[in-house]
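First comes the structure, then the notes that go with it.
The values are calculated or read from the model by the stated rules, or taken from the named source; none is laboratory data. Everything numeric in this text was worked out from a predicted model, so none of it was measured. Neighbour counts are summed over all protein chains in view; Cβ atoms, including those assigned to glycine, are modelled from backbone coordinates with ideal geometry.
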Amino acid sequence: MTNFSWPQVDGLAYGGDYNPEQWPRETWREDVALMREAGVNLVSVGIFSWAMLEPREGEYDFSWMDELLDLLHEHGIAADLATPTVAPPAWFYANHPDARVIDKDGLVVGPGSRGMASHSHPAYQEACVRISRRLAERYADHPAVVMWHVHNEYGVPVGEDYSPAAVAAWREWLKARYGSLDGLNQAWGTMFWGQVYGEWEHVGAPAKTATTGNPAQQLDFMRFTDDQLRACFSREKAAIREFATQPVTTNFMAHQSWNCDLWKWAELVDVVADDHYLWAPDPEAHVALALSADLTRSVARGRPWILMEHSTSAVNWQGRNVAKRPGEMRRNALTHLGRGADAIMFFQWRASRSGAEKFHSAMVPHAGPRSRVFREVVELGGHLADLAPVKGSEVRAEAAVLYDWESLWAQDLEWRPSDDVQFRERMRAFYERLWRDNVTVDFALPTHDLSAYKLVVAPASYLLTKDGAENLTRYVEGGGTLLVNFFSGIVDENEAVHAGGFLAPLKDALGVTVEEFLPLREGEGASVRWARGEETLLPADVWQEDIQLHGAEVVAEHISGPGAGKPAVTRHERGAGVGWYVGTRLDVRSLAPVFEAAYADAGIVPDRLPEDLEVVTRHGDGEDFVVAVNHADAPARLPLAGTDLLTGAVADGDLEIPAGGVAVVRRPGGAIA
Ligand code: GAL
């Protein structure tokens, strides 16, 4: 981030999206009283209010927003004021029909829901700047406004746009990137299937084609889309900055986002904000939550961040919307806090009676304040008040996991060696291994300075640039331990296989290359013989390959399948460091011995804690805050001395955390035990 600045709220921020335009005035008054009761000090307003703020093009009505901001301020509640550009009014579509988005299949995306218009159409761009400027001009000095919330979740529900406006902008983007058609033809490898372009006007967006389209073109289109979305954000931020000085943010979706390269986005916002929702089919969704929180903190480069949205209970948009059980919301919220969030917010304050989201939970549910959920909301508000000393403290990590959106975009294109190899699945498995071992991680790009980390893990670095590979090699030579999963180091930034073959750029660091992929059939299982220390058989599936050794030692080999007898896991000493390579799909359990051996090389000694006890530490000035979350059905014990800020209880070296409970222990700076 270029300019880090935190909204002016006392202590930790607590609140949620507030959409009072859906309610009569007496409900507003009840709302602010209930907010006070719950300890709410920050609400996001105006996110979907364009039609109410500008009822006809160029005609504004700010009276209700004036009244709302005054009311909030009178009650000591700060506002995170949104630009409403994610939901253009009906008049916008009527007045500018050619600014509508066209999807990949050529279908026009109409009004009646929400989602931006064409990111590349001047009418949409101008309308966004106009409403943002008007809001900033009017409310820059309003004492309630402590932050600006630009748009909502860029990239969803609208990301890629195939409209004529977008295609015209795309051609300009390509001209700037490649300079000449020769450059473009070269980068996209258009000699393949005779796709060579002779005129810029012939270059289209990668819309529907007879069969698989050009992968380099598709990857560039993702880059273009991300650039266009960021340009939309920057235009609105600049409009706000003409008048206002408060921090400006927009809400990301970390591991759940697709279109936005958050490493780049985080450079543009004054403070990072993230939304996270549990995915009900995942029985261990709290692990995905931790991943998302760590990823958010990492793109924020370790600075405190805002959990802008999560849910008090069920969402409404999954197949089966599972309600959170008592205590779960607290565990979720405080896990985010443990992993660096200094603001805990929800979607939304009061459940909507009408519209698409009426079955979504809220801080004030349809059942009203006399409800379990509201009681837990009030209790959480009390906890956050007690946790104010945590504000500004930081999380430190000895290990880093490589996470590159460009590699995600490229890897998940069509016609890969196996449908069973997925970026997010591998990311989760490797992260979960570290989570279960209680090793706190940051995320990083392959090109980042990694020298502070003892261990760097690459679960899915399919696209790896020469620069990235050289940086990783230097990292190993300088004494680092690198652990790389299969299907990494395959293509360069143009989606072209690296000269020298698969994994060639990491040959020096890992001491191996890959001659041929040997993917398994659907459902086919296999095992590898682990021959380091105690010999064991580890279940494996999905993938084998023909690994060529260039100095690495074989640590495990396949005992069945097309790769029988060939290396499955290797270890290579290079310079002062070690490069590990995993050439098959190992699940979280099978990964355990691999990680254990890599920890030993890296000099990491994981805390051996009870299964399902999640512990993460925030480091303050001379004191630590240990956040311990017990996900198990039984109490857990932690060897820890200090004061639990949630209960006031003093632990003398043996802290019991009840089943499903949380403790936040303040103690002098130091190690866990
Ligand atoms: C978010 C969105 C909110 C609300 C929420 C429901 O993605 O930003 O406006 O729709 O989902 O879970």
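Listing for the model above:
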| read-out | value |
| --- | --- |
| Y431 vs. criteria more than 30 Å from F192 (Cβ to Cβ), more than 19 Å from the chain's Cα centre (by Cα) and either of a type in the set (D, E, K, R) or assigned to a helix (DSSP H, G or I) (or both) | no |
| Those residues of the stretch 466-508 which are without any contact (Cβ under 8 Å) to a residue 40 or more places away in the chain, among the β-branched types (V, I, T) and under 24 Å from Y431 (Cβ atoms), in sequence order | I490 |
| Total residues in the stretch 272-295, condition of a type in the set (A, V, I, L, M), surrounded by 24 or more Cβ atoms within 10 Å (Cβ to Cβ) and within 12 Å of the ligand (Cβ to nearest atom) | 1 |
| Enumeration of residues in the stretch 310-334 that are within 21 Å of the chain's Cα centre (by Cα) and within 13 Å of the ligand (Cβ to nearest atom) | H310, S311, T312, S313, A314, V315, N316, W317, Q318 |
| Criterion violated by P562 - all others in (1) modelled with pLDDT of 95 or more; (2) outside the structural domain of S418 (by TED's automatic domain parsing) satisfied | (2) |
| Residue count, the stretch 610-626 (criterion: within 13 Å of A663 (Cβ to Cβ) and outside any strand (DSSP E or B)) | 0 |
| One residue from A367, A351, A356, A362 being within 13 Å of the ligand (Cβ to nearest atom), among the aliphatic types (A, V, I, L, M) and surrounded by fewer than 17 Cβ atoms within 10 Å (Cβ to Cβ) | A356 |
| Lone unmet requirement of (1) among the aromatic types (F, W, Y); (2) away from the ligand (no atom under 13 Å from the Cβ); (3) closer than 22 Å to G115 by Cα for F252 | (2) |
| The stretch 370-401 - residue that is farther than 30 Å from A602 by Cβ and of a type in the set (V, I, T) and, of those, surrounded by the most Cβ atoms within 10 Å (Cβ to Cβ) | V377 |
| Inter-residue pairs, beta-carbon under 8 Å, first in the same structural domain as G489 (by TED's automatic domain parsing) and in the stretch 513-535, second of a type in the set (V, I, T) and surrounded by fewer than 20 Cβ atoms within 10 Å (Cβ to Cβ), 6+ apart | A526/I559; S527/I559; V528/I559; R529/T536; R529/I559; W530/T536; A531/V554 |
| Residue in the stretch 174-197 that is part of a helix (DSSP H, G or I), more than 16 Å from the ligand (Cβ to nearest atom), closer than 30 Å to T296 by Cβ and in contact with a Phe, Trp or Tyr (Cβ under 9 Å, 6 or more places away or on another chain) present | yes |
| The stretch 549-568: number of residues that are in contact with a Lys or Arg (Cβ under 9 Å, 6 or more places away or on another chain) and under 19 Å from T513 (Cβ atoms) | 10 |
| Meets criteria (in the same structural domain as T250 (by TED's automatic domain parsing) and within 14 Å of the ligand (Cβ to nearest atom)) for I306 | yes |
| Checking S298 against (1) more than 16 Å from the ligand (Cβ to nearest atom); (2) without any contact (Cβ under 8 Å) to a residue 40 or more places away in the chain; (3) of a type outside the set (A, V, I, L, M), the condition it does not meet | (2) |
| Checklist (1) more than 16 Å from the ligand (Cβ to nearest atom); (2) part of a loop (DSSP other than H, G, I, E, B); (3) in contact with an Asp or Glu (Cβ under 7 Å, 6 or more places away or on another chain) applied to T245, failing item | (3) |
| Number of the condition not met by M345 [criteria: (1) free of Cβ contacts under 8 Å to residues at least 40 places away in the same chain; (2) within 13 Å of the ligand (Cβ to nearest atom); (3) out of contact with any helix residue (DSSP H, G or I) (no Cβ under 6 Å at 6 or more places or on another chain); (4) not small (G, A, S)] | (1) |
| Long-range neighbours under 6 Å by Cβ, at least six apart or interchain, first residue in contact (Cβ under 8 Å) with a residue 24 or more places away in the chain within the stretch 162-190, second of a type in the set (S, T, Y) | S163/S118; A165/S118; A165/S120; A166/S118; A166/S120; A169/S120 |
| Test: residue in the stretch 120-129 that is under 30 Å from N41 (Cα atoms), of a type outside the set (D, E, K, R) and either assigned to a helix (DSSP H, G or I) or more than 16 Å from the ligand (Cβ to nearest atom) (or both) | yes |
| From the options V145, V156, V150, residue that is of a type in the set (V, I, T), touching a Phe, Trp or Tyr at 6+ places or on another chain (Cβ under 9 Å), within 16 Å of the ligand (Cβ to nearest atom) and modelled with pLDDT of 95 or more | V150 |
| Boolean, G381 is under 30 Å from R36 (Cα atoms), more than 16 Å from the ligand (Cβ to nearest atom) and touching a Gly at 6+ places or on another chain (Cβ under 7 Å) | yes |
| Subset of the stretch 550-589 that is in a loop (DSSP other than H, G, I, E, B) and charged (D, E, K, R) - its residue that is nearest to M427 (Cα to Cα) | D587 |
